[in-house]
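For reference, the structure discussed in these notes is given below.
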Amino acid sequence: MSGKINKLGIMGGTFDPVHYGHLVTAEGARCEFGLDQVLFMPSGSPPHKDLREVTSAEHRYMMTVLATLTNPYFEVSRIDIDREGVSYTIDTLRILREQYGPDTELFFITGADVMFEIVNWKDSEKLLQIAHFVAATRPGFSLDDIPSQAREWASRHKDRFHVFRVPAMAISSTNIRKRVSMGHSIRYLVPEQVDYYIRRNKLYG
Ligand code: ATP
Ligand code: MG
């Protein structure tokens, strides 16, 4: 890390695999909110009750490193990967708050599908005391479909909760995994290095 970080973006995700939708969202947030750095935060391995088998954290971490390598404002963090058990966002944010100190403003970045789930998250009110929440529009998720409970919550916290627009990218990791398993091309949906890494390690086969 070089220079003082006044505003830090945090882009959480499973990144299984990371794709251009994630990258456009992170870059959009950086420009919109004047962030000095965006930290990509791949999730740790999920609890067994999860329906889907998630690719190993090391593969997801490696792909995220490859995808972010050429953007000097992007970094990848191992905080959630190296922690035992389920990582709650509140705990991750507290660790970052400790690491970066009280003068760094934190901006937690999500897509529109995730943003209104936040209301139901553990300690959602406390989350907003630690960080701003910035939510990017995402194709398939209309702002009109937001449940009223979430809408109220957002308007109550409008100083800490912001919606911003990114060029629409109808890309999801689910779709990419599907395409790979069917032998279809994922070129131009993910950075070239990620495409190569997936083939080389025979992921999503
Ligand atoms: P999956 O299909 O496996 O759920 P995903 O594409 O949703 O994968 P995640 O790792 O779940 O990717 O998402 C990480 C974050 O990136 C979430 O906040 C999600 O809303 C956001 N995001 C993912 N794809 C896009 C996209 N195309 N446009 C905007 N935001 C996105
Ligand atoms: Mg998702």
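The values are calculated or read from the model by the stated rules, or taken from the named source; none is laboratory data. The structure displayed is predicted, hence computed values, not measured ones. Note: ideal-geometry Cβ built from the backbone for every residue, glycine included; neighbour counts use all protein chains shown. The protein model used for the area step is the full one, side chains on, heavy atoms only, and it has no ligands, DNA or RNA in it. Shrake-Rupley method; radii C 1.70, N 1.55, O 1.52, S 1.80 Å.
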Practice prompt. Go through the range 66-78 residue by residue and turn each phi into a ³J(HN,Hα) via Karplus (6.51, -1.76, 1.60, θ = phi - 60°); whole Hz please, and just put x for glycine and proline.
Written response: 4, 5, 9, 3, 8, 9, x, 8, 9, 9, 10, 10, 9
Item to complete: Roll a 1.4 Å probe over the protein chains and send me the accessible area per residue for the chain in Å².
Response: 54
Worksheet entry | Per-residue HN-Hα couplings for the range 99-107 [Karplus 6.51, -1.76, 1.60; θ = phi - 60°; Hz; x = Gly/Pro] | 5, 8, x, x, 8, 8, 7, 9, 10
Practice prompt. Would you mind telling me which residue in 62, 41, 182 has the biggest mean-square fluctuation in a Gaussian network model of the chain, where springs connect alpha carbons within a distance under 10 angstrom?
Written response: 182
Discussion item. Tell me which trypsin sites (Lys or Arg not before Pro) from the range 11-116 have a DSSP coil assignment and no more than 11 other beta carbons within 10 Å of their own.
Written reply: 49, 52
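Report, to the nearest whole %, how much of the accessible area of the range 26-153 belongs to carbon and sulfur atoms, 1.4 Å probe, protein only. Please list the in-between numbers first.
Working: 3330 of 6630 Å².
C and S fraction of accessible area: 50 percent.
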Worksheet item: Sequence-distant or interchain residues sharing an amide H contact under 5 Å with residue 136, placed H: which?
Response: 110, 111, 112, 164
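Shape call for the range 79-205 from the C-alpha gyration tensor, a ≥ b ≥ c root eigenvalues: rounded (a/c under 1.5), prolate (a/b greater than b/c) or oblate?
It comes out oblate by the Cα gyration axes.
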Practice prompt. Run the 1.4 Å probe and let me know the accessible area of residue 161, rounded to the nearest 10 Å².
Written response: 20
Worksheet item: Based on DSSP, what percent of beta bridges with both residues in the range 8-152 are antiparallel, to the nearest 5?
Response: 5
Discussion item. As a test of the formula, what do you get for the chain when each DSSP H run with n ≥ 4 contributes -39,500 (n - 2.57) and the sum is divided by the residue count, at 222 nm and rounded to the nearest 500 deg cm²/dmol?
Written reply: -11000 deg cm²/dmol
Worksheet item: Which cross-chain or sequence-distant (5 or more) residues have an amide H under 5 Å from the amide H of residue 105, H modelled 1.01 Å from N in plane?
Response: 7, 8
Worksheet item: For the chain, modelled as a Gaussian network with Cα springs under 10 Å, which listed residue fluctuates most, 180, 194, 134?
Response: 180
Worksheet item: Of all trypsin sites (Lys or Arg not before Pro) in the range 135-190, which ones are in loop regions per DSSP and have a Cβ with at most 11 other Cβ atoms within 10 Å?
Response: 158, 165
Discussion item. Taking only Cα atoms of the range 1-104, what ratio of Rg to Rh do you get with Rh as the Kirkwood inverse-distance radius?
Written reply: 0.96
Worksheet entry | Farthest positive-ward along the range 145-205 dipole, Cα basis, beta-carbon charges - from 173, 203, 188 | 203
Worksheet item: Charges only on Cβ, +1 for Lys and Arg, -1 for Asp and Glu: so what's the dipole of the range 7-200 about the Cα centre, in debye to the nearest 20?
Response: 440
Item to complete: For the range 7-200, compute the number of Lys pairs whose alpha carbons are separated by less than 27 Å, excluding pairs fewer than 8 positions apart on the same chain.
Response: 8
Item to complete: Before anything else, pin down the relative contact order of the chain: Cα pairs under 8 Å, at least 6 apart, normalised by residue count, whole percent.
Response: 25
Worksheet item: Amide H neighbours of residue 43 under 5 Å, counting only residues 5+ apart in sequence or on other chains, H built in-plane at 1.01 Å?
Response: 13, 14
Worksheet item: HN-Hα J couplings of the range 130-141 from phi, Karplus 6.51/-1.76/1.60, θ = phi - 60°, integer Hz, Gly and Pro as x?
Response: 8, 9, 6, 10, 10, 10, 8, 4, 9, x, x, 10
